[in-house]
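I have a structure I would like to understand better, so I am pasting it below and will then ask my questions one at a time.
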Amino acid sequence: MAWDVGRRFAFTATAVHPAIVHALVDDCRIEPVQSGARVTYTVYLDPAGMVHPLLDLMKGLLVSELNKGMQALVVRAAAL
């Protein structure tokens, strides 16, 4: 796990159940911009077995869910 307060956090997993990936890394970077902050969330996956062919289908769902999460974060941050 990496943590740079107010700027970045990242973590890795090397064992996931069910075993859909061999490993993954999530990296969240927060950059100040004139209107507030820019959040860049990147996920790196090493898919296991039959997951690899399905990755393109899963990508759209993952992007959609991460975008929903970021929008919820915007609402919570605005309320502070």
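The values are calculated or read from the model by the stated rules, or taken from the named source; none is laboratory data. In this text the structure is predicted, and so the values were computed from the model without any measurement. Don't worry about glycine lacking a Cβ; one is built from the backbone with ideal geometry, like all the others, and counts go over all protein chains shown. Just the protein is used for accessible areas: all its heavy atoms, side chains included, with ligands, DNA and RNA removed. Shrake-Rupley method; radii C 1.70, N 1.55, O 1.52, S 1.80 Å.
Quick check: net charge around VAL63, other residues with Cβ under 14 Å of its Cβ, Lys/Arg +1 and Asp/Glu -1?
-1
THR40 versus LEU73, label points 7 Å from Cα toward the beta carbon: distance in nm?
1.4 nm
By the scheme Lys and Arg +1, Asp and Glu -1, what is the net charge of all other residues having a beta-carbon under 11 Å from that of ALA37?
With Lys, Arg at +1 and Asp, Glu at -1, the neighbours total +2.
Consider the candidate values (i) 3, 12, 19, 20, 12, 12, 9, 6, 5, 2, 0; (ii) 3, 12, 19, 23, 18, 12, 8, 4, 1; (iii) 3, 13, 20, 25, 22, 12, 4, 1, 0; state which one is P(r) over Cα pairs in 5 Å bins from 0, in percent computed from the structure displayed.
(ii)
Another one. What accessible area per residue, rounded to a whole number of Å², is obtained for the chain using a probe radius of 1.4 Å?
About 81 Å² of surface per residue is accessible.
Sticking with this one: Give me the net charge of TRP3's neighbourhood, meaning all other residues with Cβ under 13 Å from the Cβ of TRP3; Lys, Arg count +1, Asp, Glu -1.
Values: positive: ARG7, ARG8, ARG29; negative: ASP4, ASP26, ASP27.
After counting each charged neighbour, the total is 0.
For the chain, set up a GNM with springs between Cα atoms under 10 Å and report which of GLY60, GLY49, GLY36 has the largest fluctuation.
GLY36
Pick from VAL33, VAL63, VAL21: which is most flexible by mean-square fluctuation in a GNM of the chain where alpha carbon atoms under 10 Å apart are linked?
Residue with maximal mean-square fluctuation among VAL33, VAL63, VAL21: VAL33.
Work out the FRET efficiency for ARG29 and LEU54 from their Cβ-Cβ distance, taking R0 = 22 Å, and round it to the nearest 0.05.
0.20
Taking H as built 1.01 Å from N, whose amide H comes closer than 5 Å to the amide H of ALA48, not counting residues under 5 places away?
VAL21, HIS22
So which residue, out of VAL16, VAL43, VAL25, gets the largest mean-square fluctuation from a GNM of the chain using Cα contacts under 10 Å as springs?
VAL16
Okay, next question. Counting each DSSP H run of 4 or more residues in the chain as -39500 (n - 2.57), what helix-only mean residue ellipticity at 222 nm follows after dividing by all residues, to the nearest 500 deg cm²/dmol? If you can, show how the numbers build up before the last one.
Working: 1 runs with 28 residues, N = 80.
Calculated mean residue ellipticity at 222 nm is -12500 deg cm²/dmol.
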